[in-house]
Structures are given as C-alpha cells and as structure tokens.
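Accompanying notes for the structure given below.
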Amino acid sequence: MRTKKVRNMRVDELYAHLEEIKARFRLGIEWNGTYKLNPENPLGIEINPDYDIYLAFGDRFGENMREILDIDIGSVSLVLRKLMNQEVYYSGSMKIAEVSKRIGKKTEVLWKIPYTEEISLEDIIKANESYIRAFEEASGSFLKQFEGYDIIVPWSGGKDSTAALILASKVFRDVTAVYVKMEYEMPQTDEYVEKLAKKLKVNVIESFVKMPVDKYGFPTHNNRWCTRMKVEALYNAIEEFENPILVVGDRDGESAKRRLKPPVIERK
C-alpha cells in the first residue's frame, strides 16, 4: 500500500489488514502438481484470520469421506476449515466438496463434484520443507534468549502443543512436558504421549483432572469450563520450579483472543 493510504487509515482498518497479511502465511497455497504454502495464494484459498487449513489423509479418513460424500476424494485432501465447522475439500487445484459439521447436528453435504487427483504426501512435505524450516529457525532463535530457565511445555498430545514441544526440545537440552490428563481423553493419547516423550528425550509430569460432566455437561466452544481446571492443574504441577518459562503452542486460527496475545507474557 502507499504510505499515504496507511497514514490516513483508521486503526481498525489497519488491524484488519495486518490480520489478513499474517493469515496469508499459513493459508496461502499454490498448486503445481503438489500443494505448497505461498502467501501470494495463487490457488485462491479464501483468506480469513479465523480459518485454518490442514491435510487430511489415511485409510480411515478416506472411508469416512466416502461414506459422507459417496465419492472418492483421493489419498490426500487439502481442507479449508471455516467458521462453525464448515469445511471445503480440495483435490489438486479443484474444490470438490463443502460440508457442514455443526456440533449437535447431522453432517450436511452442501455441494460436491466427482473429481479425484492422486497426491503424494511425501511430495507435499518436500515442497514445503524450506518454507517451514525458515519459521522453525526464526522461532528457535527467539527461544534461545531463555537459556538458563526451567523450560516447561504444557502438552495435551494435540498437534499445536506437540509442535511447541518438538521446537523446544530442539533448542534446549532439558525440557519438561506437563501432561494434564483429563478424565475423558481420546483413545491412545496416553500411549502416544509416552512414545513421543521417549523419542524426544523430554521429562513428563502427569497431572490428572476429573471432569464433572454430570454437573456442567460436556465442554463446548462457548463454555470451556474445563480450561480453568487444566490451567490450575498445570500451575500446581510447576510450583516446585524456581524460574519456569512456559512454551505454549497457541494457534492463530483458534481465536481472535489468542491472536492478540504478545509473543511473551510475564506473570507472577
């Protein structure tokens, strides 16, 4: 933009532009025989700071999507997750389906086309390795300023906290993961946490939290009552550490509130 336009822009307009620019680095995609992250977004993915993209693959995923769509979408699909669990599926350069997965309602197929392009997951990884490595190196350089502290990663076993744990384990020699284990977890989470902790050579502290669903019901997007309990369990688990630094895996697309957080927050 021209300097004059930025200077005369309202603060909320400027903020919206900055949000879109940030989102382009994780949502922009080009298609050239494989998917490649590109902020210029030649594929024309709908850019919205509240959206996420991910790759869907594996036999079970394919079975589920055939059951929902009654078409084969190939071994790897690019998925744009919009608001209210509405998802757009891509095969190659083509949009092939849009599905609504609103919680508490039956999955609804909004539209679909019978098109399949076989895509190699290995090719996608290879095409994006240098792009992702650049962000990893920048993050690693940032974390190095905390050498000498007790490095702690709150770890659920999910993809965001696991990414933070892998990054921390590459930068620091001694890392402690705090696994706040809820009463109701996804199957095989315990097994996965134990296996990956050994592979990364990190110490794990487990903290168990009961979930009174009979009193509060299951947590929802608008009523995350379990989050407070998890945070309390986390702080109780790290009381013995003298100089703790928490490396937290927050995803920009998860909420506007999380996007507003500064890179470092200091708390007593």
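The values are calculated or read from the model by the stated rules, or taken from the named source; none is laboratory data. The structure displayed is predicted, hence computed values, not measured ones. Glycine also receives a Cβ, built like all others from the backbone with ideal geometry; neighbour counts cover every protein chain displayed. Remember, those area values only see protein heavy atoms, side chains included, never the ligands or the DNA or RNA. Shrake-Rupley method; radii C 1.70, N 1.55, O 1.52, S 1.80 Å.
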Tell me the mean residue ellipticity at 222 nm calculated for the chain from its helices only (DSSP H runs of n ≥ 4, each -39500 (n - 2.57), averaged over every residue, nearest 500). -11500 deg cm²/dmol
Need the list of aspartates and glutamates near Lys199 for cross-linking: C-alpha distance under 20 angstrom, and skip anything on the same chain fewer than eight residues off. Glu136, Asp160, Asp174, Asp190, Glu191
For Trp111 the rounded accessible area (nearest 10 Å², probe 1.4 Å, non-protein molecules ignored) is 90
Can you give the local net charge around Leu80? Use residues other than it whose beta-carbon is closer than 10 angstrom to its beta-carbon, Lys and Arg +1, Asp and Glu -1. -1
Could you work out how far the C-alpha centroid of region 213-268 sits from that of region 80-109, in angstrom? 28
Computed label-point distance, nm, for sites Arg2 and Glu147 using a 7 Å Cα→Cβ extension: 4.9
Which lysines have a Cα lying under 25 Å from the Cα of Lys101, excluding residues fewer than 8 positions away in the same chain? Lys82, Lys112, Lys159, Lys257
Please say if region 19-169 is rounded, prolate or oblate, where rounded means a/c under 1.5 for a ≥ b ≥ c the square roots of the C-alpha gyration tensor eigenvalues, and otherwise the choice is prolate for a/b larger than b/c and oblate otherwise? prolate
Can you give the FRET efficiency for Met94 and Val264, using 1/(1 + (r/R0)^6), R0 = 30 Å, r = Cβ-Cβ distance, to the nearest 0.05? 0.10
For a quick check, take a GNM of the chain with Cα springs below 10 Å and name the residue from Glu30, Glu183, Glu40 with the largest mean-square fluctuation. Glu183
Would you please classify the overall shape of region 106-166 from the alpha carbon gyration tensor, given that a ≥ b ≥ c denote the square roots of the eigenvalues, rounded means a/c under 1.5, and beyond that prolate means a/b larger than b/c while oblate covers the rest? oblate
Name the long-range amide H neighbours of Ile96: under 5 Å, sequence gap of 5 or more, or other chain; modelled H, no Pro or chain starts. Tyr89, Tyr90, Ser91
Could you order peptides 205-215, 159-169, 46-56 by the average number of other Cβ atoms within 10 Å of their residues, highest first? 159-169, 46-56, 205-215
For a label point 7 angstrom out from the Cα of Leu110 toward its Cβ, which stretches of region 27-51 have the backbone nitrogen within less than 14 Å? 46-48, 51
GNM flexibility winner over the chain from Phe142, Phe172, Phe218 (Cα, springs under 10 Å): Phe218
Can you work out the FRET efficiency for the pair Glu206 and Ile103, with r the C-beta to C-beta distance and R0 = 30 Å, to the nearest 0.05? 0.55
What ranking of Arg10, Arg81, Arg259 comes out by heavy-atom accessible area, probe 1.4 Å, highest first? Arg10, Arg81, Arg259
Quick one: if the Förster radius is 22 Å, what FRET efficiency do Glu240 and Glu194 give, using the C-beta to C-beta distance and rounding to 0.05? 0.50
Could you check the spin-label model distance between Ala256 and Glu40? Points 7 Å from the Cα along Cα→Cβ, value in nm. 3.2
